[in-house]
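Participant: Just dropping this structure here.
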Amino acid sequence: KFAAGAIVSAALLATPAFAACDSGEMVIKFSHVTAETGHPKGEAAAAIAKRINEEMDGTACMEVFANSTLFDDNKVMEALLLGDVQVAAPSLSKFESFTKKYRVFDLPFLFPNMDAVNNFTQGPVGKDLLNAINDKGYVGLGYIYNGLKHFSADRPLIKPSDAEGLKFRVQTSDVAVAMIEAMGASAQKLAFSEVYGALQTGVVDGQENTWSNIYSKKFFEVQDGVTVTNHQLLTYLAITSKEWLDSLDPEVRDQFLTIFNEEVVAANAKATALNEQARENIVAAGGVVRELTPEQRQVWVDTMRPVWDQFKDDIGQDVIDAAVAAGE
Ligand code: LMR
């Protein structure tokens, strides 16, 4: 349960990446959990902050708190409503307690690539989904892309059955749990900041994430290798609180939203290249990356695809159909 004291002390101790605020300016805090550089979300946040600090100087300033230094993705949701932070961008897998609609983004082997994701998020169904948690006091500002995920473990994974009996860290997503169980493995939900330690100490045997997260958080150093599965999407919902957004002067709000949207579009165009670079960095650092043949990959698809049926009522067949069509 939420502890107000813990929030206050975390907020006092954390310092932003750089001090950008002068007295009299409205402070906009952006809290997230990933690396600041070489990472799609870290770079998006930094680019948004740079523009706000240049173009809204004297009116508003943005401070970015990366690497879970201020809040994890669980606590940040309450911190937004309390006004302790104004912007966050948790992954779409982390909204289970707010809506089940975002489960569509977690369905394994749904999106073949990031162009399909872009077609879906920029189409009518994706745009509508931005509003799925408005009734809880939040406003969806936009989708910030990361990429498709891959599996790693403390032993080689070529077939899904290689994972039998192993324990995998997952985000707070029931779809992810079902997907791991379909492999005959077990899943443990853990905060992102705890993953490296859990892999290192053997609390879990494996994990699934994008190249940028696997590289920047050094997961590959405490794993046997990474198997190129591209099995599931990692993308973020940038959010703010409705109360805060409504409290802004209209012209300040327009300027903030314009900068935000423009920088998200620019950052999303670079996400895939950043992940490819992170993959190269893993290999250059001695990490093992294993490719699957099309036949080998098909076994993973056949193992995980039945998971869709478990969640289709929560998501809606029409939404799933629109997501599938976006990749065709
Ligand atoms: C995770 O928990 O693995 C990711 O959601 C972290 C992130 O923000 O990329």
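The values are calculated or read from the model by the stated rules, or taken from the named source; none is laboratory data. Because the structure is predicted, anything quoted here is derived from the model rather than measured. Because the Cβ atoms are built from the backbone with ideal geometry, glycine has one as well, and the counts that use them run over all protein chains shown.
Participant: Quick check on residue 10: is it modelled with pLDDT under 95 and either in a helix (DSSP H, G or I) or surrounded by fewer than 14 Cβ atoms within 10 Å (Cβ to Cβ) (or both)?
Facilitator: Judged against the criteria, residue 10 is a match.
Participant: Here's a follow-up. Does region 136-148 contain at least one residue that is crowded, with 22+ Cβ neighbours inside 10 Å and assigned to a helix (DSSP H, G or I)?
Facilitator: no
Participant: Looking at region 189-234 only, could you name the residues that are among the aliphatic types (A, V, I, L, M) and assigned to a helix (DSSP H, G or I)?
Facilitator: Applying the first criterion (among the aliphatic types (A, V, I, L, M)) to region 189-234 yields 190-191, 195, 198-199, 203-204, 214, 222, 226, 228, 233-234.
The answer is 195, 198, 199, 214, 222.
Participant: Can you list residue pairs whose Cβ atoms sit under 6 Å apart, with the first residue in region 112-125 being touching a residue at least 60 places away in the same chain (Cβ under 8 Å) and the second being assigned to a helix (DSSP H, G or I)? Count only pairs 6 or more apart in sequence or on different chains.
Facilitator: Close Cβ pairs satisfying both conditions: 114/272; 116/326; 119/326; 120/126; 120/323; 120/326; 125/319; 125/322.
Participant: Among (1) closer than 30 Å to residue 83 by Cβ; (2) crowded, with 19+ Cβ neighbours inside 10 Å; (3) more than 12 Å from the ligand (Cβ to nearest atom), there is one condition residue 206 misses while meeting the rest; what is its number?
Facilitator: It is condition (1) that residue 206 fails.
Participant: Another one. Please go through region 154-188 and pick out each residue that is in contact (Cβ under 8 Å) with a residue 60 or more places away in the chain, part of a loop (DSSP other than H, G, I, E, B) and over 16 Å from residue 305 (Cβ atoms).
Facilitator: Once the filter is applied, which keeps residues that are in contact (Cβ under 8 Å) with a residue 60 or more places away in the chain, part of a loop (DSSP other than H, G, I, E, B) and over 16 Å from residue 305 (Cβ atoms), region 154-188 yields 154, 155, 156, 157, 158, 171, 172, 173.
Participant: Looking at 227, 201, 258, which one is more than 16 Å from the ligand (Cβ to nearest atom), crowded, with 23+ Cβ neighbours inside 10 Å and over 13 Å from residue 145 (Cα atoms)?
Facilitator: Answer to the check: 227.
Participant: Return the residues of region 36-63 that are without any contact (Cβ under 8 Å) to a residue 60 or more places away in the chain, more than 16 Å from the ligand (Cβ to nearest atom) and not aliphatic (A, V, I, L, M); say none if nothing qualifies.
Facilitator: Of everything in region 36-63, those that are without any contact (Cβ under 8 Å) to a residue 60 or more places away in the chain, more than 16 Å from the ligand (Cβ to nearest atom) and not aliphatic (A, V, I, L, M) turn out to be 50, 53, 54, 57, 58, 61, 63.
Participant: Same structure, new question: If I ask for residues that are within 16 Å of the ligand (Cβ to nearest atom) and among the small types (Gly, Ala, Ser), which ones from region 141-177 would you list?
Facilitator: 142, 147, 152, 153, 173, 176
Participant: Of the residues 163, 176, 132, which single one is more than 30 Å from residue 81 (Cα to Cα) and among the aliphatic types (A, V, I, L, M)? Full working, then the answer.
Facilitator: On the way: 176 fails: more than 30 Å from residue 81 (Cα to Cα); 132 fails: more than 30 Å from residue 81 (Cα to Cα).
Result of the check over 163, 176, 132: 163.
Participant: Which of the residues belonging to region 65-95 are modelled with pLDDT under 95 and closer than 17 Å to residue 235 by Cβ?
Facilitator: 73
Participant: Which of (1) more than 19 Å from residue 300 (Cβ to Cβ); (2) within 16 Å of the ligand (Cβ to nearest atom); (3) in a helix (DSSP H, G or I); (4) out of contact with any Leu (no Cβ under 6 Å at 6 or more places or on another chain) is the odd one out, the single condition residue 97 does not satisfy?
Facilitator: (3)
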